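Visitor: Mind looking over this structure? Questions follow.
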Amino acid sequence: MTILVTGATGNIGRMVVDQLLARGERHIRALTNNPVKAALPPTVEVAEGYLRRVDTLPAAFKGVSKVYLAPTPETVQEVLRLAREAGVQHIVDLSGEPDSWWGTVNTAVEESGLAWTHLWPGDFMENSLMWAEQIRRTGAVREPNPDAASAPIAMDDIAAVAATALLDDTHRGRAYSLTGPETLTRTQLLASISAALGRDIPFVTATPAETVAALAPAMGENTEWYVNNVLALFDNGGLHANRAVEDITGRPATRFADWARTHAGEFS
């Protein structure tokens, strides 16, 4: 049985490889378009390719029974067709609820006829790194609503859930909304970063336009969409914290304060 991990150059895919190895799995093939950047362990088989270049996939799928599927809506139907033809039995996909941004991936996987497990994460803890540039440049964070809230999850916890689902068939046919262990406001997130850095970082209430200007150097062309859509979702309460990570993996989900201490150097 070989497990194919797609998107192995990216953050979550690379972490899925490590989580599988930590659980003793040795039949791992990693799909990556940049093997050097992925820095995969020598025990992991490398398949050079990319989900958006479907001509690279038939060889990658050969002999594979299970797949961790990174979200690529543009090619997902063709990817799944090739997986099915190669004899893949189970897809663990990173997606979202059917009416969400990544919902087309979720729907395509269900329509493929393959066994599936859906992972629906909300806000990533790593998204707070978008603040790093303005913290270094201005010493503050600017956003419209200090009380907007979410329940951010660490990417490594998503990877741990993915690895568990790949190795345990009892998770087939299940869709998991994944959150961190706490619902936190924007000011609470910033307070944890401030504590990790050992200095005060003020939250400056700003207009949406001012927020776009503050985030644009770090986020580029996606900034306006993020401010008008994602931050607006947080204004409505976002996704409330649940225990899915702990229930599935058997270990507590990462707390944001602990994540901030680990990543403090990326904000300074």
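Visitor: With an 8 Å Cα cut-off and a minimum separation of 6 or more residues, compute the relative contact order for the chain in percent. Write out the running numbers ahead of the final one.
Guide: Working: 535 pairs, mean separation 47.8, N = 268.
Answer for the chain is 18 percent.
Visitor: If packing is taken as the average number of other Cβ atoms within 10 Å across a peptide's residues, how do 32-43, 58-69 rank, most packed first?
Guide: Result, highest mean first: 58-69, 32-43.
Visitor: Follow-up. Treat the count of other C-beta atoms within 10 Å as a stand-in for reagent exposure and order 81, 136 from fewest to most. Display every interim value, and only then the final one.
Guide: Working: 81 14, 136 11.
Lowest to highest Cβ neighbour count: 136, 81.
Visitor: Say each of residue 89 and residue 65 gets a label point 7 Å from the Cα, pointing the same way as Cα to Cβ; how far apart are those two points in nm?
Guide: Taking the simple label geometry, residue 89 and residue 65 are separated by 0.5 nm.
Visitor: Further, regarding this structure: Would you give the gap between the C-alpha center of the stretch 14-57 and the C-alpha center of the stretch 203-226, rounded to a whole Å?
Guide: 34
Visitor: Out of 106, 229, 11, any idea which swings most in a Gaussian network model of the chain, alpha carbons joined below 10 Å?
Guide: Checking each option, the largest mean-square fluctuation is seen for 229.
Visitor: Mind listing the long-range amide H neighbours of residue 117? Cut-off is under 5 Å, sequence gap 5 or more, other chains count too, H placed in the peptide plane at 1.01 Å from N.
Guide: 91, 92, 93, 173
Visitor: Another question, then. Among 194, 268, 128, 95, which comes first, then next, by fewest other beta-carbon atoms within 10 Å?
Guide: Working: 194 19, 268 12, 128 22, 95 28.
Starting with the residue having the fewest Cβ neighbours, the order is 268, 194, 128, 95.
Visitor: Separate question: Which of the following values of semi-axes √(5λ) of the Cα gyration tensor in Å was calculated from the structure shown: [x] 60, 19, 17; [y] 41, 28, 15; [z] 34, 19, 18?
Guide: Answer by label: [z].
Only the coordinates and a few stated rules stand behind these numbers; no lab work does. All figures in this text were calculated on a predicted structure; none of them were measured in a lab. Ideal geometry is used to build each Cβ from the backbone, glycine not excepted, and the neighbour counts take in all protein chains shown.
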